[in-house]
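Notes to accompany the following structure.
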Amino acid sequence: MFNKIKKLTFFIVMTLFIIACENKNKIETDKIKVLTTINYYTNLVEEIGKDKVEVISLMQEGEDPHSYVATAGDIRKIQDAELIVYAGLHLEGRMEEIFSKLSNKKKLNLSEKLDRQKLIKTEENTYDPHVWFNIEFWQEQVKFVTEMLIELKPEEKEFFENNLKKYLEELEITTDYIKARIEEIPKESRYLITAHDAFGYFAQQFGMEVKAIQGISTESEIGAKEIEELANFIFKKNIKAIFVESSVNHRSIEALKEAVRSKGKEIVIGGELYSDSMGDSKSNANTYIKTLKINTDTIVDSLK
Ligand SMILES: [Zn+2]
């Protein structure tokens, strides 16, 4: 029933959208108007564009992109944007279908140009979309955004390139910080157990093993079998902590904790990790870099 309502809403929204496009009236401004999906990418565009861009995100803090359904209010945001920046690889579920139908907008699919050989494959022609958690991919995406901003505002080329250079340096420092902190966890304890499989690329870059109750999308089923298997794994490996996520219901991790307890082992919930959304502008995790550091501190302090 709920799925039917979702599908119906989607088609109503699509129709509204097409009507809206016909009445297109662009508001003139000096700044490049950018629309992003998840708020990590809002921060990315701002790091390079600074005061030359006006960026809004469709999805706010704590929003789950996998199940996101466009609202009527989103139509105006899409209509007003000069550039749409999104993750791709099916992260945004239905929104990607909407974007693919927009022929009169500049679009930047941030995962499209990444080397498929380096991505985590989940099925035939399907890849893990949470690429931002590998800083090397993020650095590439920052370059894609810079190129696009230069294309839209060539007179600011030097400004964007300077911002890129400084930001890439900050990312290098962040990489070193995370590497050093992960070293504090004994090698045999480097397991990251979460609700959904969002940290595969973090593990890829920083040498951890990840396991999650759900797959790469929160749209997949939560099975008793998966919880039981994971509880056995935690028991066998003597893992100290598991983690809830800011954009996912905490229920499944609570259930896992109970399953481990029923085997006679106590496990703690090590804290909340920012997965598919970073914090809002007022939180401590209001940039990509701060979010990565906070996540790392949460993980290391619970597992070391
Ligand atoms: Zn996700």
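Observations
- Answer from Ile289, Ile269, Ile253 - the residue that is β-branched (Val, Ile, Thr), surrounded by 15 or more Cβ atoms within 10 Å (Cβ to Cβ) and free of Cβ contacts under 8 Å to residues at least 40 places away in the same chain: Ile269
- Scan of region 59-96 for residues that are over 27 Å from Lys121 (Cα atoms) and either surrounded by 22 or more Cβ atoms within 10 Å (Cβ to Cβ) or small (Gly, Ala, Ser) (or both), ordered by number: Ala70, Ala72, Gly73, Ala81, Leu83
- Taken over region 89-106, the criterion of being of a type in the set (A, V, I, L, M, F, W, C) and touching a strand residue (DSSP E or B) at 6+ places or on another chain (Cβ under 9 Å) is satisfied by Leu89, Met95, Phe99, Leu102.
- Exclusive hit being assigned to a strand (DSSP E or B), at negative phi and of a type in the set (Lys, Arg), set Lys211, Lys157: Lys211
- Residues being within 16 Å of the ligand (Cβ to nearest atom) and either part of a loop (DSSP other than H, G, I, E, B) or surrounded by fewer than 16 Cβ atoms within 10 Å (Cβ to Cβ) (or both) - total across region 272-286: 5
- For Ala203, the requirement of being within 24 Å of the chain's Cα centre (by Cα), within 16 Å of the ligand (Cβ to nearest atom) and of a type in the set (A, V, I, L, M, F, W, C) is met.
- Which numbered condition Ser103 misses (of (1) at pLDDT 90 or above; (2) surrounded by fewer than 12 Cβ atoms within 10 Å (Cβ to Cβ); (3) not acidic (Asp, Glu)): (1)
Okay, residues lined up against (1) within 30 Å of Gly271 (Cβ to Cβ); (2) among the polar types (S, T, N, Q):
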site	(1), (2)
Glu97	no, no
Ser100	no, yes
Asn104	no, yes
Arg116	no, no
Glu123	no, no
Glu140	yes, no
Lys153	no, no
Ile185	yes, no
Tyr191	yes, no
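- Residues within region 103-134 that are of a type in the set (Val, Ile, Thr) and either within 19 Å of Thr37 (Cα to Cα) or without any contact (Cβ under 8 Å) to a residue 24 or more places away in the chain (or both), tallied: 1
- Pairs with Cβ under 8 Å, 6+ apart, first in region 189-204 and more than 13 Å from Ile242 (Cα to Cα), second away from the ligand (no atom under 15 Å from the Cβ) and among the acidic types (Asp, Glu): Ala203/Glu209
- Subset of region 170-198 (residues that are of a type in the set (Gly, Ala, Ser), under 19 Å from Ile213 (Cα atoms) and either surrounded by fewer than 21 Cβ atoms within 10 Å (Cβ to Cβ) or away from the ligand (no atom under 16 Å from the Cβ) (or both)): Ser189
- Residue within region 142-150 that is closer than 20 Å to Leu91 by Cβ, outside any helix (DSSP H, G or I) and away from the ligand (no atom under 16 Å from the Cβ) present: no
- Of all positions in region 215-236, none carries a residue that is farther than 30 Å from Glu123 by Cβ and either of a type in the set (Asp, Glu) or assigned to a strand (DSSP E or B) (or both).
- Failed item, numbered, when Lys52 is tested on (1) under 30 Å from Glu272 (Cβ atoms); (2) modelled with pLDDT of 95 or more: (1)
- Matching residues in region 91-121 - criterion: being within 16 Å of the ligand (Cβ to nearest atom), in contact with a helix residue (DSSP H, G or I) (Cβ under 9 Å, 6 or more places away or on another chain) and either closer than 26 Å to Leu171 by Cβ or part of a helix (DSSP H, G or I) (or both): Leu91, Glu92, Arg94, Met95, Leu110, Ser111, Leu119, Ile120
- Residues that are modelled with pLDDT of 95 or more, outside the structural domain of His130 (by TED's automatic domain parsing), away from the ligand (no atom under 15 Å from the Cβ) and over 16 Å from the mean Cα position of the chain (by Cα) do not occur anywhere in region 212-226.
- For region 231-271, residues that are aromatic (Phe, Trp, Tyr) and more than 16 Å from the ligand (Cβ to nearest atom) total 2.
The values are calculated or read from the model by the stated rules, or taken from the named source; none is laboratory data. Given the structure is predicted, the values throughout are model-derived calculations rather than measurements. Reconstructed Cβ throughout: ideal geometry from the backbone, glycine too, with neighbour counts over all protein chains shown.
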